[in-house]
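One structure is given below, encoded as structure tokens.
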Amino acid sequence: MKELELKYGCNPNQKPSRIYMADGGELPIQVLNGRPGYINFLDAFNGWQLVSELKKATGLPAATSFKHVSPAGAAVGMPLTETLAKIYWVDDLGELSPLASAYARARGADRMSSFGDFISLSDVCDVDTARLIKREVSDGVIAPGYEPEALDILKAKKNGNYNVIQIDPEYVPEKLEHKDVFGITFEQGRNELKIDDEFFANVVTENKELTEQAKIDLAISMITLKYTQSNSVCFVKDGQAIGIGAGQQSRIHCTRLAGQKADNWWLRQSPQVMDLPFVDSIRRADRDNAIDLYIGEDYKDVLSDGAWQAIFKEKPEVFTREAKREWLDKLENVALGSDAFFPFGDNIERAHRSGVKYIAQPGGSVRDDNVIDTCNKYGMAMAFTGLRLFHH
């Protein structure tokens, strides 16, 4: 197949629309089910690059959950703890395959943002992963292949309209890439930067220790940032992104946004949230929304009289600001990556409140000394990579 006609572009009024190879060659994909659209393919191709690089960097199966051309979550296939299985709503599925665990982590990090996502998988989609995808609201999936039973499960989703794309894992794109804006063609070399242990060799803080897990988490952070709309920062813990701040004009706003998402991920593991007495009939999306409100400043929306009865069997206690802070203070050993330098120490102050101990960023700010001093104040280890990772 040399080209594929699409229903429309980013919006219904943008016609005609298609994907094709500029050199007239064959597309490296097959659509096995559904009719993916323009944005679906943007998410799919960005996500496929991300998980492919995560697999190469860690040797583990990888998955990502994309929305609007940025990842809502990304992870590698490390086993789930009992707590994580419960907060990701997969504790009823038994022990999951590594690939399914990767997607459970990628989807579960920010379930609100992942609602209606496009999924990318580094490995052949197995039955465990297909069963997990089947129960979530999602637009489609891209993978290098599908087990026959897994494909049958996915084809039955969305009344048979679920988008399933198979990509050739051997496909290698041209070294130069092009983009048209306002009728003008831009050309640049692809960002082929390899991220491995050496990427974090220049540790500039008093604390020089980067554990093996920290190096893995920093690699996950930086690879995720390669495919996240800039400005962006990414918090990672134990093999998965737990907070991604994308597309903000200010670096501190990125850090605050991602930090709040990381905080929410950790708050969901608190006894106050784990023990919430939901009514049996509540839908998954409504449960996620209720938790998001309960742990936030708008908790009265779910605890006011006339509201809580539709969500809970009995009215929960307010999760006070003091109780939340006490639980958040237990979060530790978080890794943080930034796609460009931190211009002020306020980013480090905010990162500290979300348990960050390891940081990777390009460096190069006129206030690098202030940023380093702030890290030293909290005993953080920070590596300067010397390389920016903007993505637009």
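For the range 313-332 and the range 57-75, what is the centre-to-centre distance using only Cα atoms, to the nearest Å?
Centre-to-centre (Cα) distance: 29 Å.
For the chain, what does the helix formula give at 222 nm: sum of -39500 (n - 2.57) over DSSP H segments with n ≥ 4, over the residue count, nearest 500 deg cm²/dmol?
For the chain, the value works out to -10000 deg cm²/dmol.
Please work out how much length the chain gains when fully extended from residue 387 to residue 320, using 0.36 nm per residue of separation minus the C-alpha to C-alpha distance, in nm with one decimal. Spell out each step's value before the answer.
Numbers: separation 67, 0.36 × 67 = 24.12 nm, distance 4.15 nm.
Working it through step by step, the gained length comes to 20.0 nm.
Simple spin-label model, 7 Å along Cα-to-Cβ: residue 269 to residue 192 in nm?
Using points 7 Å along Cα→Cβ, the separation is 3.9 nm.
Can you classify the chain as rounded, prolate or oblate using the Cα gyration tensor, where a ≥ b ≥ c are the square roots of its eigenvalues, rounded means a/c under 1.5, and otherwise it's prolate if a/b beats b/c and oblate if not? Intermediate results must be reported in sequence, preceding the final value.
Values: a/c = 1.70, a/b = 1.10, b/c = 1.55.
Note, shape of the chain comes out oblate.
For the chain, what % of the accessible area comes from carbon and sulfur atoms, probe 1.4 Å?
Carbon plus sulfur share of accessible area: 49 percent.
Give me the one-decimal nm value for the distance between modelled label points at residue 135 and residue 13, 7 Å along each residue's Cα-to-Cβ direction.
Computed distance between label sites residue 135 and residue 13 equals 4.2 nm.
Loop only by DSSP, 16 or fewer other Cβ within 10 Å of the Cβ. Give me the GluC sites (Glu not before Pro) in the range 253-327 that pass, ordered by residue number.
Those that pass, being in a loop and sparsely packed, are 297, 314, 317.
How big is the gap, in Å, between the Cα center of the range 101-143 and the Cα center of the range 364-392?
33
By how many nm would the segment from residue 260 to residue 206 lengthen if fully extended, with 0.36 nm per residue of separation less the alpha-carbon distance?
Values: separation 54, 0.36 × 54 = 19.44 nm, distance 2.75 nm.
Taking residue 260 through residue 206 to full extension adds about 16.7 nm, to one decimal.
Hey, can you find the accessible area per residue of the chain for me, probe 1.4 Å, expressed in square angstrom?
Accessible area per residue: 47 Å².
Please work out the FRET efficiency for the pair residue 156 and residue 328, using the Cβ-Cβ distance as r and a Förster radius of 35 Å; give the result to the nearest 0.05.
0.25
Using the Cα centre of the range 234-332 as the reference point, and only Cβ charges (+1 on K/R, -1 on D/E), how large is the resulting charge dipole? Debye, rounded to the nearest 20.
Dipole size: approximately 340 debye.
For the chain, with only Lys/Arg (+1) and Asp/Glu (-1) charged at the beta-carbon, what is the dipole magnitude about the Cα centre, in debye rounded to 20?
Approximately 740 debye in magnitude.
The values are calculated or read from the model by the stated rules, or taken from the named source; none is laboratory data. As the structure is a computational prediction, the values presented were derived from the model and not from experiment. Glycine gets a Cβ as well: all are built from the backbone with ideal geometry, and neighbour counts include every protein chain shown. All accessible areas refer to the heavy atoms of the entire protein, side chains included, with ligands and DNA or RNA removed. Shrake-Rupley method; radii C 1.70, N 1.55, O 1.52, S 1.80 Å.
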